[in-house]
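**Student:** Questions regarding the structure given below will be posed in turn.
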Amino acid sequence: MKRPPLNRRLAEFGTTIFAEMSALAVRTGSINLGQGFPDTDGPEEIREAAVRALRDGRGNQYPPGPGVPELRTAITEHQRRRYGLVYDPDTEVLVTAGATEAIAASLLALVEPGDEVIALEPYYDSHAACVAMAGGTRVPVTLRPEGGRFVLDLDELRAAVTDRTRLILLNTPHNPTGTVLTRDELAAVAALAVERDLLVVTDEVYEHLVFDGAEHLPIAAFPGMRERTVTISSAGKTFSFTGWKVGWVTAAPDLTTAVRSAKQYLTYVSAGPFQYAVAEALRLPEAYFDGLRADLRAKRDLLGDGLARAGFEVYRPSGTYFVTADIRPLGEDDGIAFCRALPERCGVVAIPTAVFYDHREQGAPFVRFAFCKRTEVLADAVQRLTAVG
Ligand SMILES: *Cc1c(COP(=O)(O)O)cnc(C)c1O
């Protein structure tokens with residue numbers, strides 16, 4: 001029997017590049033700098049907090065739909081202390097199964113079939129997939145390399161808005177480019193959203209991973225934005241517990257209610273005991289966050305310097321734990337072919353960022369390496385990479 005395509009909306013997505021490259025890493029015994037997860041766990045006392053919650057019988061049954069009150073309160077304290085954003089833990093916070101579910105629920109709730117969603121390109125893969133699941137149309141605005149950084153062209157952003165635009169999907173600090181949107185850039189995005197009456201869904205999972213004096217600013221704090229912004233974050237990247245899948249949304253009550261209406265039919269609830277542990281994690285002293293950044297900054301420089309020595313042009317990120325490199329100085333221009341061959345050539349796996357572009361040609365020469373790995377692993381990778389030059 002010849003069936004028609006089983007899923008037209010998701011046909012273009014297939015297997016993720018991460019699955020393909022991780023399988024390649026295993027098959028070739030390569031160092032996997034493809035997928036962005038740390039190879040060491042987060043703080044011991046937070047792991048212990050999860051064990052304690054589990055033993056004490058907290059969260060072993062369905063937690064409340066919006067999340068356990070302890071975590072919702074900790075999230076509001078975090079937003080107030082860091083950004084001066086005041087949210088009500090009962091009506092303006094929603095705990096989700098990682099940022100991934102928060103993204104899915106937000107887009108499913110807020111995007112109607114035919115609506116246009118403006119997304120920064122290269123985009124995180126689940127952003128594109130969730131726009132498609134919601135029946136929306138993705139309108140990419142390309143971040144272009146300029147002066148050592150991938151830059152948002154504000155005129156292009158403005159020109160991308162039409163009468164059908166429903167929302168702008170932001171991501172800062174930005175995966176994969178490592179760009180942290182500046183105050184001026186965010187102010188311009190905010191002014192545009194207000195002028196054209198757009199919603200903004202902003203993925204801020206790397207909010208704590210910023211370097212060299214870059215500052216993460218939540219767009220929800222800009223004038224006119226609080227009531228039109230859905231802010232998404234997660235414990236995975238901040239606390240190095242990506243397997244726990246605890247994420248959250250903060251937004252005005254009507255937006256939170258809308259997102260919850262979708263979320264309740266996705267997972268309903270998740271990660272009960274871990275929610276209590278993440279509540280404790282959000283209250284860790286500043287030394288924890290400073291230490292995380294200092295550690296990652298040193299790793300960024302170890303990998304970045306190594307890539308530069310191997311002959312890549314390196315875009316040193318201001319945030320996230322990814323570095324983007326241009327392969328053209330090596331005499332190559334096809335990142336997909338390059339990444340497929342790299343494991344055989346030198347035993348390292350990277351991700352071609354072209355797969356995160358609609359304008360593939362714009363992303364063709366760029367590859368992404370993750371540096372959230374142990375120092376000895378990165379040193380080994382850098383050593384191996386000298387073979388590509
Ligand atoms: C890792 C990542 C996520 C997913 O976060 P989870 O909490 O693991 O679901 C979402 N957005 C971006 C940009 C990411 O890099």
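**Student:** For the chain, take N as its residue count and report Rg(C-alpha) divided by 2.2 N^0.38 Å. Display every interim value, and only then the final one.
**Tutor:** Numbers: Rg = 20.5 Å, N = 389, 2.2 N^0.38 = 21.2 Å.
That works out to 0.97 for the chain.
**Student:** Within region 179-221, what residues put their amide N at less than 17 Å from the label point 7 Å along the Cα-to-Cβ vector of L266?
**Tutor:** Label zone hits: 200-206.
**Student:** List every residue whose amide H lies under 5 Å from the amide H of E121, counting only residues 5 or more places away in sequence or on a different chain, with H placed 1.01 Å from N in the peptide plane.
**Tutor:** Those qualifying (amide H under 5 Å, at least 5 residues apart or on another chain) are V141, T142, L143.
**Student:** Sticking with this one: Beyond 22 Å, what share of the Cα-Cα pairs of region 1-128 remains, rounded to the nearest whole percent?
**Tutor:** Roughly 62 percent, rounded to a whole number.
**Student:** Something else about it: I'd like to check one number: the per residue accessible area of the chain, probe 1.4 Å, reported in Å² as a whole number. Don't skip to the answer; put the middle values down first.
**Tutor:** On the way: 15850 Å² over 389 residues.
Each residue of the chain exposes 41 Å² on average to a 1.4 Å probe.
**Student:** Dipole of the chain, Cα-centred, from +1 at each Lys and Arg C-beta and -1 at each Asp and Glu C-beta, to the nearest 20 debye? Could the numbers behind the result be given before it?
**Tutor:** On the way: 42 positive and 51 negative charges, 185 e Å.
Dipole size: approximately 880 debye.
**Student:** Got a sec? What order do Y268, Y83 fall in by accessible area at 1.4 Å, biggest, i.e. largest, first?
**Tutor:** On the way: Y268 100, Y83 45 Å².
These residues rank, largest area first, as Y268, Y83.
**Student:** What helices does the chain have that are whole DSSP H segments, at least 30 Å long along their own axis by Cα, and with mean Kyte-Doolittle hydropathy of -1.0 or more? Before the final figure, lay out the partial values.
**Tutor:** Details: long enough: 286-309 (34 Å, -0.54).
Span-like helices here: 286-309.
**Student:** With the crude spin-label approximation of a point 7 Å out along Cα→Cβ, what separation in nm comes out for R340 versus A23?
**Tutor:** For the pair R340/A23, the computed spacing is 1.3 nm.
**Student:** For region 52-119, what are the per-bin percents of Cα-Cα distances with bins 5 Å wide, up to the bin holding the maximum?
**Tutor:** For region 52-119, the pair-distance distribution reads 3, 14, 17, 20, 19, 14, 8, 3, 2, 1.
**Student:** Express the Stokes-Einstein translational diffusion coefficient of region 150-258 in µm² s⁻¹, to the nearest whole number, given a Kirkwood radius over alpha-carbon pairs, 20 °C and a viscosity of 1.002 mPa s. Intermediate values should be presented prior to the final figure.
**Tutor:** Values: Rh = 14.6 Å.
Translational diffusion coefficient: 147 µm²/s.
**Student:** Separate question: In the P(r) worked out for region 1-53, what percent of Cα pairs fall beyond 14 Å? Mind dumping the intermediate values first?
**Tutor:** Numbers: 994 of 1378 pairs.
Roughly 72 percent, rounded to a whole number.
**Student:** So how compact is region 170-217: Cα radius of gyration and Dmax in angstrom?
**Tutor:** 11.3, 34
**Student:** While we're looking at this one, here's another question. Output needed for region 189-331: three equivalent-ellipsoid semi-axes, defined as square roots of 5 times the C-alpha gyration tensor eigenvalues, in descending order, whole Å. Present the calculation step by step, with values, prior to reporting the outcome.
**Tutor:** Values: eigenvalues 200, 95, 45 Å².
Value: 32, 22, 15 Å, ordered largest first.
**Student:** What is the spin-label model distance, in nm, from R3 to R158 if the labels are put 7 Å beyond Cα along the C-beta direction?
**Tutor:** The modelled label-to-label distance comes out at 4.9 nm.
**Student:** Separate question: Excluding residues on the same chain fewer than 8 positions from K237, give the lysines whose Cα lies under 26 Å from its Cα.
**Tutor:** K245, K263, K299, K373
**Student:** Amide H of A252 versus every other amide H placed in the peptide plane: which residues, excluding those fewer than 5 positions away on the same chain, fall under 5 Å?
**Tutor:** Answer set, sorted by chain and number: T229.
**Student:** Then there's this: Kindly state, as a whole number, the per residue volume in cubic angstrom of the convex hull around the alpha carbon atoms of region 319-389.
**Tutor:** Cα convex hull per residue, to the nearest whole number: 88 Å³.
**Student:** Using 15 Å as the cut-off for backbone N distance, which residues of region 324-368 belong to the label zone defined by a point 7 Å from the Cα of D380 along Cα→Cβ?
**Tutor:** Only 346-349 pass the distance filter.
**Student:** How much net charge surrounds S234 when only other residues with a Cβ under 13 Å from its Cβ are counted (Lys, Arg +1; Asp, Glu -1)? Display every interim value, and only then the final one.
**Tutor:** Details: positive: K237, K245; negative: E101, D203, E204, E207.
Taking every Cβ under 13 Å from that of S234, the sum is -2.
**Student:** Taking all protein chains as present, what is the carbon and sulfur share of the accessible area of the chain, in % to the nearest whole number, probe 1.4 Å? Walk me through the numbers on the way to the answer.
**Tutor:** Details: 7990 of 15850 Å².
Here it works out to 50 percent.
The values are calculated or read from the model by the stated rules, or taken from the named source; none is laboratory data. The shown structure was predicted, so the numbers you read here are calculated from the model rather than taken from an experiment. Heads up, the Cβs are rebuilt from the backbone with ideal geometry, glycines too, and the neighbour counts pull from every protein chain shown. We work out accessible area using only protein heavy atoms, side chains counted, and drop any ligands, DNA or RNA first. Shrake-Rupley method; radii C 1.70, N 1.55, O 1.52, S 1.80 Å.
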